[in-house]
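Take a look at the structure set out below.
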Amino acid sequence: MRRIALGLLLVTAATSEATAAARAHDGGTLRLAVLPEVRADRWGDTPEGAVLRSLVAAPLCHLEAGGRVQAVLASTQRSADAVSVVLRTGARFPSGTPLGAAELARAWARAMERSPVARAALAPVRDAAAMLEQQARGRGGTLVLPLAHPWPDLESTLCHPALAPVAGDGPGGGIGPYAPDGADRGRAAPSFPDGRPHPDAFAVTTLSRRAAQRALEARTAQVLL
């Protein structure tokens with residue numbers, strides 16, 4: 001998924017000193033210097049944490065120019081009082097378990113317990129916690145979200161990385177452009193539904209701000225989060 005590498009480089013360009021950032025090439029390893037507070041954001045509640053989480057746990061969709069929603073793992077259908085999330089056939093967690101409505105409901109229930117961003121994102125859903133508990137016992141590939149009140153932005157809100165489906169309590173159990181290869185590395189996932197990313201791998205080093213800046217200047221890191 002080429003927009004992942006592009007997005008990371010845009011994050012670098014937005015930092016105060018980004019002269020060490022290099023243009024993306026196919027292959028190789030993308031090296032990220034990450035501040036401790038970003039590494040601690042396991043659910044993508046901050047913009048930087050969301051970028052890091054998205055490497056191994058992609059959100060259901062992307063927001064394109066003009067606010068258009070581009071499906072990745074799911075598309076949506078709207079009725080008068082509900083939004084249906086239709087999951088993409090063939091998407092699987094690293095364990096091999098298919099992503100179905102029950103798996104998504106369980107993932108969102110965990111996210112609501114741990115992430116204020118996830119709770120806010122699903123606030124327009126009527127009795128969200130009870131609804132997710134009920135649908136976690138069902139089957140099929142469609143999750144129906146009944147609306148508590150009209151909310152035209154729900155489809156775009158569902159693209160937030162805090163709602164990326166993961167199979168456990170950490171992003172390593174998600175479906176992303178990279179598969180975890182240890183705690184600090186990831187390798188490109190050729191079967192990712194949105195396409196293979198530019199770099200073959202990524203590596204994360206947690207550093208202080210000063211040490212991270214030195215890593216950029218020495219070109220031992222290409223991205224600072």
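Kindly indicate the residue of the stretch 22-36 that is more than 19 Å from Asp181 (Cβ to Cβ) and modelled with pLDDT under 95 and also most open to solvent (accessible area, probe 1.4 Å) among those meeting that condition.
Arg23
Among the candidates Ser95, Ser191, Ser84, Ser115, single out the residue that is modelled with pLDDT of 95 or more and of a type in the set (Ser, Thr, Tyr). So that I can check it myself, show each step before the final result.
Working: Ser95 fails: modelled with pLDDT of 95 or more; Ser191 fails: modelled with pLDDT of 95 or more; Ser115 fails: modelled with pLDDT of 95 or more.
Just one listed residue meets the conditions, Ser84.
Can you tell me which condition Arg126 does not meet? The list is (1) buried (at least 18 other Cβ atoms within 10 Å of the Cβ); (2) in contact with a Leu (Cβ under 8 Å, 6 or more places away or on another chain), and all the others hold.
Only one criterion is unmet by Arg126, namely (1).
Give me the pairs, please: first residue somewhere in the stretch 69-86 and within 15 Å of Trp151 (Cα to Cα) and in a strand (DSSP E or B), second residue anywhere and acidic (Asp, Glu) and open to solvent by less than 50 Å² (accessible area, probe 1.4 Å), beta-carbon distance under 8 Å, and either six or more positions apart or on two chains.
Going by the 8 Å Cβ cut-off, the qualifying pairs are Thr76/Glu155; Arg78/Glu155; Val83/Glu155.
Tell me whether the stretch 163-174 contains one or more residues that are more than 14 Å from Leu87 (Cβ to Cβ) and modelled with pLDDT of 95 or more.
So far as the stretch 163-174 goes, no, none of its residues is more than 14 Å from Leu87 (Cβ to Cβ) and modelled with pLDDT of 95 or more.
Identify, from the list Ser54, Ser79, Ser75, the residue that is surrounded by 17 or more Cβ atoms within 10 Å (Cβ to Cβ) and of a type in the set (S, T, N, Q).
On the way: Ser79 fails: surrounded by 17 or more Cβ atoms within 10 Å (Cβ to Cβ); Ser75 fails: surrounded by 17 or more Cβ atoms within 10 Å (Cβ to Cβ).
One residue alone meets the criteria, Ser54.
Could we say that Gly100 is open to solvent by 50 Å² or more (accessible area, probe 1.4 Å) and among the small types (Gly, Ala, Ser) here? Steps first, please.
Working: open to solvent by 50 Å² or more (accessible area, probe 1.4 Å): no; among the small types (Gly, Ala, Ser): yes.
Answer is no for this residue.
The values are calculated or read from the model by the stated rules, or taken from the named source; none is laboratory data. Since the model is a prediction, treat every value here as computed from it, not as a measurement. A quick note on method: Cβ atoms are made from the backbone with ideal geometry, for glycine too, and the neighbour counts reach across all protein chains shown. For the accessible areas, the whole protein counts, side chains as well, though only heavy atoms, and no ligand, DNA or RNA atoms are used. Shrake-Rupley method; radii C 1.70, N 1.55, O 1.52, S 1.80 Å.
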